[in-house]
Structure formats: C-alpha cells, structure tokens
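Report on the structure given below.
Any read-out appearing in this document is the output of simple, stated calculations on the displayed coordinates, not a laboratory observation. Remember, it's a predicted structure, so these values are computed and weren't measured experimentally. In this analysis, Cβ positions are derived from the backbone assuming ideal geometry, glycine residues included, and neighbour counts consider all displayed protein chains.
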Amino acid sequence: MDRKKRTVLITLIIILVLYISNLIFLNFGIFNRLIKSGLENLISKSLKGTCQIEKLKGNLNRFQLKNLKFENENISLISKTTNISLSLSSLLFKRVIVNKFYVEDIVFEIKENQASPSLVEKNEFDIKNFKFSFVLPDFENKIKIDINNLEVNNFQIHYKDIILKNKKFLSSLSLGKRLLFTYYKFYEISFDTFKVNNIEGEFSFFLKDSIVINNTINSDKIFSTFKVILKDSFLQIKNFETKVDNKTFYYGKNRYNVDGKMFGDFILSPFLDNGSLKFEIKKFSFNEFSYAYINGEMFFKNDTLNVKNIECDDKNFCIVSKGFIDFEDGLNGEFTLKLDSLSLESFLKKIEFKKNKFYGKVNFKTNFKDYLSLNIDSVRGSYGEFDDLLLNGLLTFNRNIIFTKNLNLNIKEGSVWLNGNFGKKNNEMKITFEKFPLSFVSEINKKINLGGNLNGFINLKGRMGNIFCENSLEIKDFNLNNSFINFLSLNSKFFYNDGLIDQLVGSFYALNGTVFKKNLDILYAEVKKKKEKIFIDMDAISEILSLSTKIEGELDEKNLKFLGNVTQLDLKTDVDFLRLTKPIEIKMSKNDFSVKDVSLEGSEGYAHFELVKLKDSFTFDFEIMDKNLLLTRYFSGYNMNGDALIFGNGFISDKRKRLTFSGKSKNLNYYELIFDSLDFNCEVENNILKLNHFNIYNDGNHSYLFGDVLIKNFSKILDSELNLNVKLSNIGNKYFVPLKNIFRVETKNGLSLEGKILGTLSDPKVYGEVKVDSSNIYIVELGTEITNVEGHGVFEGDILKDIQLRGLTEKGKVEVVGEFEKKRWTLGNYHFDIVADGFHSNGIDYVDAFGQCSLKIYGDKNHITTSGLIFINEGVSNFPFFIRSQEGGASSSGYITNLDLKFVSDGNLWLKNSFVNVELKGEVNLKKDNFKYNITGNAEVIRGTYFYLEKRFSIERGIFTLRQSSKDIDPFMDILASTNVYFTEGEERKEAKININVKGSTSNPKIVVSSDPPMSLENIISVLSFNTTLNNITNLNDFTRTLPEKALQIYLRNRYLNIISSSIGVDQLDVNTSLLDKEKSAKLSVGKYIGKKLYLSYTHDIFSFSKDQFKIEYKFGNNTSIVTERDEQGNFNGGIKFILRF
C-alpha cells in the first residue's frame, strides 16, 4: 500500500472514530454532561460564585441552556433560555469562539453589602460613609473566549427596590487576559416609568484593574456623551455633555420636561475629590411647576461643593444663589439667595394665592438634617391688596427648638414682631402686634372675612407641653364675616399643661357693634378656671335687650365633660324684665348635651324650656309668652309687632321624628300684613308635617290654611311636597303682590283666594279662583288711582290667567285684562291691557292731567314696557324747557322701564314754567329704551304768554317741535309775541308796542326785538328794563334808585348788594347791544368807586350763557394800580396797571 492510500485510510479511520465517539457521546448524553459540568465550573471559578444549569442540550457546536442560575456575594443571575453557537476548530488552538450568544428573559440582581454594617441612623445620609470601590474578577484562564454576536432580550437588573429593564441588548466581546467590548447597544431601557432608547458605546480596554468606557446616548430628543475610567477605587467621568431638546418624561407619578444642556468632569477617589458641572437650562418643569432660563456653575474640591452661581431668570422665580456644601464632617451648607422676583405659586401650587411678588436677600445655613438658620435681610413684596410688605430678622430651627431674633413683618402702617426661643427646654418667646391689619389674614385665606387693627402682645414661657401664656390684645374696627365691633379687648393668663388649661384668668369686652345682625352696645365677660372649677360672668346691652348671666361648674377637659349651673340670667326688654326662678342645669359630654329647668318670668311674659341631646336622639319642650314680640323680633331679625304665645315639643332620632308646635298671636303686624289674631297647630311625624290649622282673623274675616307637607329629606327642606288647602279673605289694609311695582293695591273688603297649594316649598303651584272686591288700585305707570275695583282671575299652577278688573276713575271707568306668570317665588312674564277714560294722573313727573287711554303693559321681573295711546282732555304740565335724558322718568317703578306712547291733545292742556304759560294742542310720540329717550312731535300754541325781562308778552302765534334725540330733551320753538309798554321820554309819557320773535332750541334761543313806533335797540332794552329811554337818564341818583329794582336785583344782589347799598350812586353805566348781528348780545355794565382808591365794575350779557364779568382795581397813586378781573370764559387775570402821560 503506498503512502497516499495509507494516509487516506488513517484519516477515514480517525473520522470514523470521531463520528462513532460523537454518536456515543451524543446518544448517551455524555458530551452534554461534560459540557454542562465544565461550563458550571468555568463560570463558578471565574466569577467566584455558584453556578447551576438545569438542562443543557445540543451537539458539538450548538447548545441550549435552560434555567441558568448564578450567585455570589454581590450578585445573583437567573436566565430562562440561553443559546450558544461555537466554532469547534478554534478549540484546537486553545480558543473558544462563540459565533452567537443569545439570552432571553434574564434577571440580574445586585445585592446590598452585608459585610459592612450601616454607620448612620435610618433615613439619614452621611457622605463620609459613601465609598466607591470596584474589584474585577480574576481572569487567569488559559483559554481565550470570543463572542461575535451577543444578544440579550428582556434583561432586568434589580437593586433594592430599583428595577432596571432593557428590551434588547446587542454586543460582541473577547475574553482572555483582558476583556474587550468592541460594541454594545441598548435598544430600550426603562426605569420605573422613565424610558431611554438607543444607548451605544464601547470598552476601549479591560485590564485586571481598570476599565475605560466611551459611551453615547442618542435617544429621542436626548444626546449625551461621556467617558468613564475605573481603576481600583478610582472613578473618573470625563467630557460629560448632555443635551435635552424639550423632552417630556415620567418617573413614578411625576412628569418632567427639560430643554437645555449640562457638561462637566468628575473624580471620585474614593470620596468626592474634584470636578465641575455647568448647566444651561432653557426650561425645566416638574408636574405643574415650570421655570425658565436656569444657569449654573458648581465645583467639587476636597469634599466641598462650591456653588459659584445658580441663576433662574423666570418671571415668577427670578433668583441668584451662591454658597457651598462641606462633606468633610457630615453635611453642612451655607447659601445666599438674592430674590429679584419671586411668586409663591412658583413653588406652592396646591395653595391658591392672590397676586404676589417678593424680592430681597436671604442667607441660610443648614446641616441638611436637623438644623436650619434663615437670616432675612429686607425682603420686600406685595400680596393681594397689600403692596408694601417688609420682612426682616433671624429664624432658626435646631432640632426641637425654634429661635427668633427681631423677626419682623411690616404691613402698611402695622407690624408683628417675634423674639425669643421656644422648644422642649425652658424657653421664652414674645409676639408683639402694632396696628397689625387683620385683613391680611383674609388675603391669605379668602374663606375668612376678617378686618381690624390689632395691638398688644402674647408672652409664652416654659417648654413644649408645659406653657404659661399671658396676652393683652386690643382690636379697633374688628369685623368677622357679617359681624362688626368698634372696639374689642382680650386679656388673659393661663397655664397649658399636657393639653389642659389651668389657672385661667381672663376678661373680654366689646363696644358698639353688630353681631349676627344684632346691634350690640357693650359686652363684658370674665372667665376664671382653677383646676376643674370654672366661673363665667357676662353682661351685655343691645338695642332692645340687656343681658346679665353667671355660670359656674366643673370642666373635665380630658374626658370633654362639663357639669354646671346658670345661677343668674336676666333679660330686660322695653316692656318687661325676665329673671330666672331657679338655676339652670347644664350637662355636656363628648356625645351628650342637656339644658334643663330653664324658667324665665317677668310681669308681662315668660319663657320655659328644656332640651336634651343624647348620642342618637334629641328632645325639647318649650312654652314662650313674648310681649310685643320683642324677643322674636330680636332673635329672628324680622320686623314684627304683637303679642304671641307659642308651645312646642319634640323627639328626634335616626329612626323617628315627632314634633308638635302650636301658638296664637294678637294684633300681629308683619311688615304690611296686619291681623287681629292668629292661631296655628302642626305636627311632624317622621317625614310628614301635618298642618292641622292655621287661622287668621281680621275685621270679621276668616282666612285659613291646612293640609300636609311631605318632607323627603330634612337637609333639603325646600324640596318638600305640598298638599294644602287655602282660603284668604282680606288679609290686610295693604299687602304684597308680586306686581306691586306696577299695581299697588289698597283694599277695604279685599282680595280673596280659595283653592289648593301643591308643588314644593321652593316652587309652589297654586290652584283656585282669585276675587277682588271694593279695592283701590294705584297704577304706577299712569300715576293714577282707580277705586271700587271688582274682578277675578284663575290660578293654574304658575299662571294667574283670565284676570278681569273693572273700576272707577275720578271722572270715568277703567277695565284691566291680562295674566301673569310666577317663577318659583319671583315674578315671571306678564301682560295687561288697560282701557280707561276720565282718569286723573298726578303721580307722573311734571304732569297733572285728566284723560283717556288704551295701553298695553308687559314685561318680566327685570323689565316693563308700556305702549299705547293717551288722549289728554285737560291738564297742566310744569315740564322744563330743557332736561337731561337721565333726569326724566315717567314712574317710580323699580323696573327698567321702556315706553312707546303717543300723547294727543285738542286743547285745554297748559304748559307752565319760567318762560311760558300757554295752552297747547298737538301730538307727541314718547319712546324710552332703558335710560335713552326719543321724543318727537309738534305742539301748537292756542294762546298764552311768554316771559322776557320780567315782562309778559302775549303770544300771537307759536309752535313747539320735539326732534328725535337720544341725549337731551330740548324742544325747538318758534314764537311771535308782543306787549304794550308805557315809558317816559323827557317830560312826556308815551306808549309803544314791543314785538319779540323767539326761534331756536329752548337751551339756546335766538331773540329778535322790534318796536312800534321804531326805537333803537338800546332804548328798547332801556324801556323794557327801566320804563324810560336811555336819553332820559340824566340824574344818576334817580337811576341808582331804579337800578337795584331791575338789573341789580337780578344779577348783583347776591354778590355786591352790601357794597352798592352803602353808596349813594354809580359812577358808570353802559348798555352795549348787538341784536341784528349773527351773535346777538345786550350787555349791561355797572361801575362804582368805593372810596377814592377802590373801583368795582360788573357786566352781564342778557342773551349769553357765558360767565358774568367783573373787575376790581385798586389805585396806589395817580399812575399805578393793581387790577384783577374775570372774563366771559371764567378765567381770572391779574396784574399791575401803569399810565404814561405825554
């Protein structure tokens, strides 16, 4: 056999032997057991622990491991499934090459270090006990292992209560004397609810004592790079840089959002040794908190963290901070905060704050455990309506001790000071108030409406749980919700020992106020308590009631029990004086309360009652005789008079309710309701109130009400269902109806109703017929009264329909038809038609007239509209020529009134005011929408007089025109009138006819004056004013006797009469007229020297509304004067006048 054949044969034999061996090993499981045992041994020795593999199956180069478990002192690992693919040829070279390493469902747990006991207390942190160390396993294996494709799915790492999850992990490594990670990638890592995608990196090298890692995170909106060096106890993080682009993520129940970047370097060896960190945050939010523009820089050096600068430029949280934290001996820190703009809601979101802003400087020191010191340096701010707050002082918390020094809060003109210390040991603190505004408490807590200025002090001495308290407080203008007291004082001294008050001595008094809507003149009370004995002495005086009472008893504070007696209780009213006939017994405990043997008696009235409240029941019994209803009026707040006798008793428990009330009253006057007598009786049995009778007697008429009320829920009493029978007959001279702003009713024999009331207390439904007999009704919208009214209407639930009323006016008849709707207890929609003749209207502003009308009145509870025709037969109006639109009003209705009326008159309608006295005829349309008037129409003058310069001019023709206006009522007039006057010219007495033509608006008329025979305008004015011509005025003394009767009597009397009357005449008189020009004027000027140096002058324009002019001149010499004057615009001027002579 040649060499070649022998070589082939040997090779075939070897292959056959290997094949047969492989079959034997595989079929009998020998190979798998060897591999399983060797792999367990390799992992156990390499990682210094115990490894167990439940099952291994496969062939020479492919294996599957089931339920691999490993555990050592530091870690434990459980893997459900592991698949390994090997390269067999590499074994010949003492090398294991893993082509694929696939792991699924692996749980990796890092154990706590049990060898080193904790050196700190629970829930406390000490940086000195934090050390970093890393010991690598000993890889002295002679076989080198390469894993080309490592894939791990559903990977979990557990440490204490922390669980880190990763869906997929890819890597490759080489394991020998060194371990090289050429590549790794985490696809999705989740920590609680926090998730990060795509973490990539590499191990540069892995020696026995060091690791260098380059890592990159390029996740959704997150990019981070850093380098980690581990060597023995040395940890360094270099080139750390992280950028987050507006990323929102969740951790636990919290939501975070970050937009910014940070970068730095750190060294831990093994303590915090060296490093720096900078950050630039555009936005950071935590749940509902959000901050913008946060920048900072920090340095680590020799166990000290130096905060060079942290700055937040958010508009609601603008601060600058610097300081340090020292780790050498525990944790100790000191920081200075500069507040540029701080709002409380920026870090306290669960509390509702009013608008606030604070700024200033705060220095604080802390050990981050049980010590905190705040040195507040002029922190100013505003809160709500308080815009000048100032806080200063020192506040320290040291374990269980609170220490304050000159801690002062200034608010407006008031302040509060805290000085001293308080805690477990014997300490002392004083709180001082100076004009402290209690309304600041209401600004903080809007549920409390508190006001007043507080002065006084509170001294606290002792230790926690054993305190002596002394206070002296005074409050001016105190108010709490709806109660007000002009002056209140409280003084007391007491010991507070283990939750109990002992040796209490206190006094309280209040002057002038209103408490629970009741007037209070004075209240004084003294309280004394020594051990379990307590004494109370109180006196009070109010508007119609004075009270004096004394209480003594025993108070068991631990068991919340009180047993005592009211030994004195005096009630004095305007008509009676009630006193106790025997002491009142009072018992109180945690669940029980009773007041027994209450017996107050006086000469006119009395009150007897008792009540007992047990844990699950309540009983009462009372009988009260209230003379003139003083007690009822005082405690109920209702305005009523009369005498009443009331009885009541009852039993209330969770299973049963039985109450009985009855009473009677005489001469009851309740607002406008007046009754001769009243009596009632009702019973409550569980959920049914049975009104046996409610009788009203008045002027021989009997009204009544009886029936049942089903009370489904006592806490919602207004939802109780009604089933009542009612009959009302003339229940008072005046009584309320929902439409009283339209119709006011006065009745003799009255209004009656007979029917049923159903529905609920909050929304009753009325069924029955309403009758009106011999009543008087005042119609507000017409300002007129109709008498002997008779009629009826039908109530069907919420609607009173088919209303028909007939009555008499002063000179005719009236008929009213319509209906109205109620909504619960208020007025709904309504409409009425009114036809009347001969009515007398004297209740409308500016009008007293007789007429006839056809009107419609409709609206709701907020608006009323009146429309229709009013024909005036005769009447007088004093309507002024000019009024503002808001000054006009047709009625005193409390509604917003709208009008759409047409007024017609054929004559006998007189208009009288300071300008005219005329008889008119015509038509006027009046419209009013809310407060805006629109009046149009014409009124022709039949006859009458026009008044001008105190002369009566007979009107020859005239017309008034009302033009559309939404602002002022200003009629346009065109009047031609004349008068005959007698005057003197020289020695001759003459007669002339003066004509006047008035055109334009009444607020700015244009007047043209002429005469027959013709005269100059100056003479016309002189004749009308002084009954003489201007040329006839030759004697100034005669003129001064006429002047006060005319011009001065009108224009000058109020200002200058005392001056003019002391002189014998005037020194100047001018009449300047311009009646034919576009701007007409007629000015009268009067001047007078008072002595030789003082000159007064006065000018008035008859046709102008401009200011009157006057001038005062005082002469110092022949050539120098001081002048003061007022022009037509009302401007004052003054100066020095010089005269230069040539």
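How many angstrom separate the Cα center of region 584-625 from the Cα center of region 405-460? Comparing the Cα centres of region 584-625 and region 405-460, I get a distance of 41 Å. Could you tell me which of rounded, prolate or oblate describes region 355-490, using a ≥ b ≥ c as the square roots of the eigenvalues of the alpha-carbon gyration tensor, with rounded for a/c under 1.5 and, failing that, prolate when a/b is larger than b/c and oblate otherwise? Judged from the Cα gyration tensor, region 355-490 comes out oblate (a/c at least 1.5, b/c at or above a/b).
Between Phe495 and Lys765, 0.36 nm times their residue separation minus their Cα-Cα distance comes to what?
On the way: separation 270, 0.36 × 270 = 97.20 nm, distance 6.16 nm.
Extra length from Phe495 to Lys765 when fully extended: 91.0 nm.
Extension gain for Lys712 to Glu54 (0.36 nm times residue separation, less C-alpha to C-alpha distance): 229.6 nm. Scalar couplings 3J(HN,Hα) for region 309-318, obtained by applying the Karplus form with A = 6.51, B = -1.76, C = 1.60 to θ = phi - 60°, are 6, 10, 10, 10, 10, 6, 5, 9, 8, 9 Hz; x denotes Gly and Pro. As a ratio to 2.2 N^0.38 Å, the alpha-carbon radius of gyration computed for region 245-404 takes the value 1.17.
Compactness ratio of region 39-88: Cα Rg over 2.2 N^0.38 Å, N = residue count?
The reported ratio for this selection is 1.18.
Just subtract the alpha-carbon distance of Asn400 and Asp570 from 0.36 nm times their residue separation and send over the number in nm, one decimal. Provide the component values of the computation, followed by the final result.
Numbers: separation 170, 0.36 × 170 = 61.20 nm, distance 5.04 nm.
Length gained, Asn400 through Asp570: 56.2 nm.
Quick one: what do you get for region 969-1015 if you divide its Cα Rg by 2.2 N^0.38 Å?
On the way: Rg = 14.3 Å, N = 47, 2.2 N^0.38 = 9.5 Å.
Dividing the Cα radius of gyration by 2.2 N^0.38 Å gives 1.51.
Here the simple spin-label model places points 7 Å from the Cα toward Cβ, and for Phe335 and Lys932 these points are separated by 6.1 nm. Here the calculated FRET efficiency for Asp974 and Lys811, from their Cβ-Cβ distance with R0 = 56 Å, stands at 0.95, rounded to the nearest 0.05.
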